[in-house]
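Scroll down for the structure; my scribbles are underneath it.
The values are calculated or read from the model by the stated rules, or taken from the named source; none is laboratory data. Everything numeric in this text was worked out from a predicted model, so none of it was measured. FYI the Cβ positions are ideal-geometry reconstructions off the backbone, even for glycines, and counts take in every protein chain you see. The area values use the complete protein model at the heavy-atom level, side chains included, leaving out ligands, DNA and RNA. Shrake-Rupley method; radii C 1.70, N 1.55, O 1.52, S 1.80 Å.
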Amino acid sequence: MSAAIRSEVSEKNQYWIERHRYYELKHFCLQYPIWKKVYSLLDGLSKHPDSAAIFTKISEKSDPTARCAVEKAYYCDRMKMIEQAAIGADPDLADYLLKGITEGQSYDALKTRLEIPCSRDTYYDRYRRFFWLLDKTRN
């Protein structure tokens, strides 16, 4: 991910959101691979119970099964929020949007590696729609 701040989308654009809100949502989405990894590690019967400890919150509960269920629900809700926004933006491009947004890949990288079946303008229109939908969902 580049450190350069890109120009803001015009307020006349139907999917406009404030620049700092966009960056907040973008960084939220970049956590998706971490959540996915932690979610898979939280099985309640882990061979290495402390393997996900660095990602999870410490609580006072003494019931590890309940704690595991609460943490799985926490990560599942966030992952579903992102996945639903991608489907809402464009069901046909949802997988490409997820890959591009959650892994910080550009259109060019998606075109080269995955042969995305749309133009750059179409992709970035759906990209902006994704963040607009996520902004509405995450209020």
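Quick notes on this one:
- Looking only at residues in the stretch 10-42 that are free of Cβ contacts under 8 Å to residues at least 40 places away in the same chain and β-branched (Val, Ile, Thr), the one that is least open to solvent (accessible area, probe 1.4 Å) is Val38.
- Restricting attention to the stretch 110-134, the residues that are open to solvent by less than 20 Å² (accessible area, probe 1.4 Å) and assigned to a helix (DSSP H, G or I) add up to 5.
- Of all residues making up the stretch 61-116, the number that are under 19 Å from Ser40 (Cβ atoms), more than 10 Å from the chain's Cα centre (by Cα) and of a type in the set (Val, Ile, Thr): 2
- The set of residues in the stretch 52-106 that are at pLDDT below 95, open to solvent by less than 30 Å² (accessible area, probe 1.4 Å) and not in a loop (DSSP other than H, G, I, E, B) comprises Cys68, Glu71.
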